[in-house]
Structure formats: C-alpha cells, structure tokens
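Take a look at the structure below.
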C-alpha cells in the first residue's frame, strides 16, 4: 500500500514525529567530535624527533602517564607545568603504587639531550622501569 502525503482533515493533529532533523544534528555532532578528539589529546605543542616507521608489537592495555619537555626546557606532567622538584614528588607517588604505569616521555627535538636523560634518571631513581620515548614517524 502506497503512503499518501496529504491529510484528509487539515485541522487534525499530526500523530507522527519527523526525526530527520534530529538525525542530521546527531551526525553533524558525531563528525565534529571525531575531528576535534585527536586534537585535544596532545595539548602541548612539541616538535618530536623522527623515527623510521616499523611494525610495532601489539601491546595490551596499559596505563600511560606523560612527561613532556617543550622547546624552552619546561617540564609538563600530562598537561600542567611542573618544576623538577614537583616532578620528583609525583614520580615518588607513582612508584608507591602496585600497578606501575608506563612513563611516556615526550621531548622537543631542539632541546639538549641532557634534559631527556635527566628525566629518565628521575624515573629510574623511583624504580619505574617501563619507559616510552615518543617520536614522530617519517
């Protein structure tokens, strides 16, 4: 049976809801979130060093904590700026936990290498052995 689109009585109430505008809005919001979510992940602008692309071994679900060093040599714990003393204190708190996370170190490629080694030494001093150095892929 074919659907008719004209109403017999123009003054009667419409008993059907048109959900097409709602679906258009939902898809538009989905696209916006898909575009902006990767941009929010890395909030500190760094110029990471390059590495050759290679096959990475599949990793299981692990907890990552990020330490970043920008081109001015400032330290960041996730997205907030910390000094060396506060960074040491935060690492001591993490080392007291039973399930130790992977420490991801992100450093600008223009900074002196000693800054990265200093952070690695701080991590090792607190018996945190899972370290990841972030790089860009060529």
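Bear in mind these aren't lab numbers, they're just calculated from the coordinates by the rules spelled out. Here the structure is a predicted model, which means the values were calculated and not measured. With ideal geometry, Cβ positions are generated from the backbone for all residues, glycine too; neighbour counts draw on all protein chains shown.
Label reach from residue 45 (point 7 Å along Cα→C-beta): in the range 105-129, amide nitrogens under 20 Å belong to 106-112. Using the average count of surrounding beta-carbon atoms within 10 Å as a protection proxy, the listed peptides 65-75, 91-101, 119-129, 20-30 rank, highest first, as 65-75, 119-129, 91-101, 20-30. Computed from the Cα positions only, the extents of the range 50-137 along the three principal axes stand at 35, 33, 21 Å, in decreasing order. Here 80, 109 are placed in order of increasing Cβ neighbour count within 10 Å, fewest first, which gives 80, 109. The distance between label points at residue 113 and residue 88 comes to 2.5 nm (points 7 Å beyond Cα on the Cα→Cβ vector). The gain in end-to-end length when the residue 16 to residue 61 segment is fully stretched comes to 11.6 nm, 0.36 nm per residue minus the alpha carbon separation.
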